[in-house]
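What follows is calculated from the coordinates using simple rules that are stated; it is not laboratory data. Please read these numbers as outputs of a predicted model, since none were measured by experiment. So basically every Cβ, Gly included, is an ideal-geometry build from the backbone, and we count neighbours across all protein chains shown.
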Amino acid sequence: MSASIEVKVRYSETDRMGIAHHAQYYVWFEEARTELFRMTGYSYREMEQKGLLLPVIETQCKYKKAVTYDDDILVTAKLSEFKGATMVITYNIVKKDTGDTIAEGMTKHGCVNKEMKPIRLKKVFPEIAEGFERGM
């Protein structure tokens, strides 16, 4: 399962050189990840209301080409790994008009409760775990 979002690079997302700032890529990752989670049957908000938190415990981004103000990009998030207490989401960003890969990345998430204690998702929230397993 994967989810994609379309983004038009805004002026405020660029640096003095007119290139999208490197930190912005993580914001785009989060937006695509949010859509991915909705596809599992539970929004981020619903998961948090139930008591499931998914903090980022590792990140990576490989920048391959620059994007600039007003470029149209497609950001895709995919659930690549799901183990009871962790999951890995991978990302691909392409420029819409050329199909060129702009960046590739990943985020690793821990499954914790509101007290930030690790939990095994299948045991504590089996209905949410089922949604993630369907997405694999």
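Near K95, within a Cβ-to-Cβ distance under 15 Å, what is the net charge of the other residues, with Lys and Arg +1 and Asp and Glu -1? Mind dumping the intermediate values first?
Working: positive: K8, K64, K65, K96; negative: E6, E13, D70, D71, D72, D97, D100, E104.
Charge balance near K95 sits at -4.
Rounded to the nearest 500 deg cm²/dmol, what is the calculated helix-only ellipticity per residue at 222 nm for the chain, with -39500 (n - 2.57) per DSSP H run of length n ≥ 4? Before the final figure, lay out the partial values.
Values: 4 runs with 36 residues, N = 136.
Helices in the chain give a 222 nm mean residue ellipticity of -7500 deg cm²/dmol.
Rounded to the nearest Å, what's the spacing between the alpha carbon centres of the range 101-128 and the range 1-58? Just the number, please.
15
Count charges around K50 for me, please; just the other residues with Cβ under 12 Å from its Cβ, Lys/Arg as +1, Asp/Glu as -1. Don't skip to the end; give the middle numbers.
Values: positive: R45, K114; negative: E46, E48, E127.
Net charge around K50: -1.
First obtain the Kirkwood hydrodynamic radius of the chain from its Cα pairs, then insert it into the Stokes-Einstein equation at 10 °C and 1.306 mPa s, and state the resulting D in µm² per second as a whole number.
Details: Rh = 15.5 Å.
Here the translational diffusion coefficient equals 102 µm²/s.
Stretched out fully, how many nm does the piece from R120 to V27 gain, at 0.36 nm a residue minus the Cα gap?
Roughly 30.8 nm would be gained on extension.
For the range 45-136, run through the trypsin sites (Lys or Arg not before Pro) and keep only the ones in DSSP coil with at most 16 other Cβ atoms within 10 Å of their Cβ. Before the final figure, lay out each step's value.
Working: sites: R45, K50, K62, K64, K65, K78, K83, K95, K96, K108, K114, R120, K122, K123, R134; in loops: K64, K65, K96, K114, R120.
Sparse-neighbourhood loop trypsin sites (Lys or Arg not before Pro): K64, K65, K96, K114, R120.
If you place +1 on the Cβ of every Lys and Arg and -1 on the Cβ of every Asp and Glu, how big does the dipole about the Cα centre of the range 1-117 come out, in debye to the nearest 20? Show your work: numbers first, answer last.
Values: 17 positive and 17 negative charges, 67 e Å.
So the magnitude is around 320 debye.
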